[in-house]
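The values are calculated or read from the model by the stated rules, or taken from the named source; none is laboratory data. None of these values were measured; they are calculated from a predicted model. FYI the Cβ positions are ideal-geometry reconstructions off the backbone, even for glycines, and counts take in every protein chain you see.
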Amino acid sequence: DLQSNEEALEVIMEAIKKAGYTTGRDGDFMIALDPAASELYDEKTKTYTLKWTTGEKLTSAQMVDLWEDWCNRYPIISLEDGMAEDDWEGWKMLTDRIGDRVQLVGDDLFVTNVERLKMGLEKGVANSILIKVNQIGTLTETFEAIDLAKRNGYTAVVSHRSGETEDNFIADLVVALETGEIKTGSMSRSDRLAKYNQLLRIEDYLGDTAKYAGRDAFRVL
């Protein structure tokens with residue numbers, strides 16, 4: 001068993017090294033985290049509980065310190081839901097501290113909702129939005145959210161859902177709208193492989209006209 005939250009990062013770094021790869025902005029791999037901080041947040045005390053066994057709690061400022069420290073010591077390129085969905089002050093602190101070098105993705109923060117995204121833009125928080133089509137409910141609203149994000153310099157990461165099927169529509173969506181990023185899990189299980197296989201078919205169909213964004217998809221690099 002892992003002895004701490006940070007040990008998970010250490011294990012990942014060790015695995016990458018043992019596999020013969022390198023990490024960092026000029027290396028083979030960088031790390032993306034989704035801590036789902038809303039699940040750790042107590043609205044009454046305005047604190048985050050990282051260890052339920054010990055009851056260790058962090059304020060928003062301390063949580064931001066933690067993320068900044070980890071981003072200084074590990075090759076973290078993307079952080080999704082690093083703060084709770086209604087901790088706007090915490091999000092602002094986080095954005096001011098590391099938003100110039102880390103992609104800060106709002107999932108619970110924005111819920112693919114244009115009005116929530118507008119609030120984020122006004123407050124200057126995050127720099128990316130997670131896009132889940134069936135979270136907002138219609139393609140029209142999905143397109144509006146992606147368009148608003150791109151017009152304001154935010155990236156848009158098209159994502160599957162935790163309860164997923166083999167439907168591969170989001171692979172077509174991410175290419176058609178040129179978002180450059182898709183989040184659909186590891187190379188396992190048919191529901192995930194279906195998306196990657198569709199991306200391969202799209203690449204074959206487009207031929208030489210296909211353009212792969214690569215690292216350029218991350219505007220903070």
Filtered residues of the stretch 171-202 (kept if within 16 Å of the chain's Cα centre (by Cα), under 30 Å from E115 (Cβ atoms) and not acidic (D, E)): V174, T179, G180, I182, K183, T184, G185
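Please determine whether any residue of the stretch 206-218 is touching a helix residue (DSSP H, G or I) at 6+ places or on another chain (Cβ under 9 Å), part of a loop (DSSP other than H, G, I, E, B) and modelled with pLDDT under 95. Break it down stepwise before answering.
Filtering the stretch 206-218 down to residues touching a helix residue (DSSP H, G or I) at 6+ places or on another chain (Cβ under 9 Å) leaves 206, 210, 212.
Next cut, part of a loop (DSSP other than H, G, I, E, B) only: 210, 212.
Keeping just the survivors that are modelled with pLDDT under 95 gives 210, 212.
Looking through the stretch 206-218, at least one residue is touching a helix residue (DSSP H, G or I) at 6+ places or on another chain (Cβ under 9 Å), part of a loop (DSSP other than H, G, I, E, B) and modelled with pLDDT under 95.
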Residues that are touching a helix residue (DSSP H, G or I) at 6+ places or on another chain (Cβ under 9 Å) and either touching a residue at least 12 places away in the same chain (Cβ under 8 Å) or surrounded by 15 or more Cβ atoms within 10 Å (Cβ to Cβ) (or both), drawn from the stretch 184-201: T184, G185, A194, K195, Y196, N197, Q198, L199
Of the criteria (1) among the aliphatic types (A, V, I, L, M); (2) touching a strand residue (DSSP E or B) at 6+ places or on another chain (Cβ under 8 Å); (3) within 22 Å of V125 (Cβ to Cβ), which one L9 fails: (3)
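Do the conditions hold for E89, that is, is it in contact with a Leu (Cβ under 6 Å, 6 or more places away or on another chain) and not basic (K, R)?
Values: in contact with a Leu (Cβ under 6 Å, 6 or more places away or on another chain): no; not basic (K, R): yes.
For E89, the condition - in contact with a Leu (Cβ under 6 Å, 6 or more places away or on another chain) and not basic (K, R) - is not met.
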First in the stretch 26-51 and in contact (Cβ under 8 Å) with a residue 40 or more places away in the chain, second anywhere and among the polar types (S, T, N, Q), Cβ under 6 Å, 6 or more apart: F29/T23; A32/S78; L40/T49
Identity of the residue in the stretch 1-27, among the polar types (S, T, N, Q) and surrounded by 11 or more Cβ atoms within 10 Å (Cβ to Cβ), that ends up farthest from T49 (Cα to Cα): T22
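Could you please find all residues in the stretch 150-165 being modelled with pLDDT under 95 and either under 15 Å from A194 (Cβ atoms) or part of a helix (DSSP H, G or I) (or both)? If you could, list the steps in order and put the result at the bottom.
Within the stretch 150-165, the first condition is being modelled with pLDDT under 95, and the residues that meet it are 160-165.
Answer for the stretch 150-165, where residues must be modelled with pLDDT under 95 and either under 15 Å from A194 (Cβ atoms) or part of a helix (DSSP H, G or I) (or both): H160, R161, G163, E164, T165.
Looking only at the stretch 1-17, which residues are without any contact (Cβ under 8 Å) to a residue 12 or more places away in the chain and either within 26 Å of S159 (Cα to Cα) or outside any loop (DSSP other than H, G, I, E, B) (or both)? It would help to see each step written out before you state the result.
Let us first name the residues in the stretch 1-17 that are without any contact (Cβ under 8 Å) to a residue 12 or more places away in the chain, namely 1-4, 7-8, 10-11, 14-15, 17.
If the condition is that a residue be without any contact (Cβ under 8 Å) to a residue 12 or more places away in the chain and either within 26 Å of S159 (Cα to Cα) or outside any loop (DSSP other than H, G, I, E, B) (or both), then E7, A8, E10, V11, E14, A15, K17 are the ones that fit.
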